[in-house]
Amino acid sequence: MPLTPHALLLLHAQRCHLDGRADERPLVRRWASQIEAARAQGWLVAVVQWDAPPGADWATLSKPWTLHPDFRVEHGDLLVRAGLPDAFADSELGAALHTRAVHTLHPLGLPDTPEWTATLAGAQAQGFAVAPLETP
């Protein structure tokens with residue numbers, strides 16, 4: 001397990017968040033490019049896979065729950081399942097990042113969502129610096 005001070009935290013890689021968006025193709029291409037750049041810099045890539053919340057129009061383990069086909073978890077990446085808007089609250093995310101000596105999280109996702117807001121607050125509460133990636 002490589003140690004790295006930086007991790008890209010991909011929050012919205014599932015079909016339920018991306019399929020059918022008007023900007024799906026350019027958004028996915030931009031994110032894929034940022035993920036590859038993070039890997040090239042030796043950063044950890046952490047992917048959060050959200051379970052369906054109560055009342056959702058999709059179900060955990062259904063097609064919308066799966067990762068978008070343009071994203072994959074590679075050897076050395078971290079895949080975490082979460083059920084609450086704060087991915088740190090009900091998963092091993094914080095412990096896994098601390099174990100890998102991560103200090104700074106670079107979130108990538110949809111900023112105007114409860115998951116974005118709650119997870120970034122959860123990250124800061126656990127002592128991580130949060131530095132969102134610049135988007136072109």
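Before moving on, here are some points about what is shown:
- Candidates A101, A125, A38: whichever shows maximal mean-square fluctuation once the chain is modelled as a Gaussian network with Cα springs under 10 Å: A125
- Taking other C-beta atoms within 10 angstrom as a stand-in for reagent exposure, W58, W43 fall in the order W58, W43, fewest first.
- Highest-fluctuation residue, L44, L78, L120 considered, GNM on the chain with Cα pairs under 10 Å: L78
- Each DSSP beta bridge with both residues in the range 6-130 is either parallel or antiparallel, and the antiparallel ones are about 5%.
- Taken along the Cα-to-beta-carbon direction at a fixed 7 Å, the label points for A131 and W58 span 3.1 nm.
- The range 6-130 shape via C-alpha gyration tensor axes, a/c threshold 1.5: oblate
- Order of L93, L3, L84, L9 - criterion: other Cβ atoms within 10 Å of each residue's Cβ, fewest first: L3, L84, L93, L9
- Cα centroid of the range 56-80 to Cα centroid of the range 1-31, whole Å: 10
- Distance (nanometres) between label positions extended 7 Å along Cα→Cβ at R25 and D112: 2.3
- The mean sequence separation of alpha-carbon pairs under 8 Å and at least six residues apart, normalised by the residue count of the chain, gives a relative contact order of 31 percent.
Where a number appears in this text, it was derived from the coordinates with a stated rule and is not lab data. Please read these numbers as outputs of a predicted model, since none were measured by experiment. When we count neighbours, we look across all protein chains shown, and the Cβ atoms used for this are built from the backbone with ideal geometry, even at glycine.
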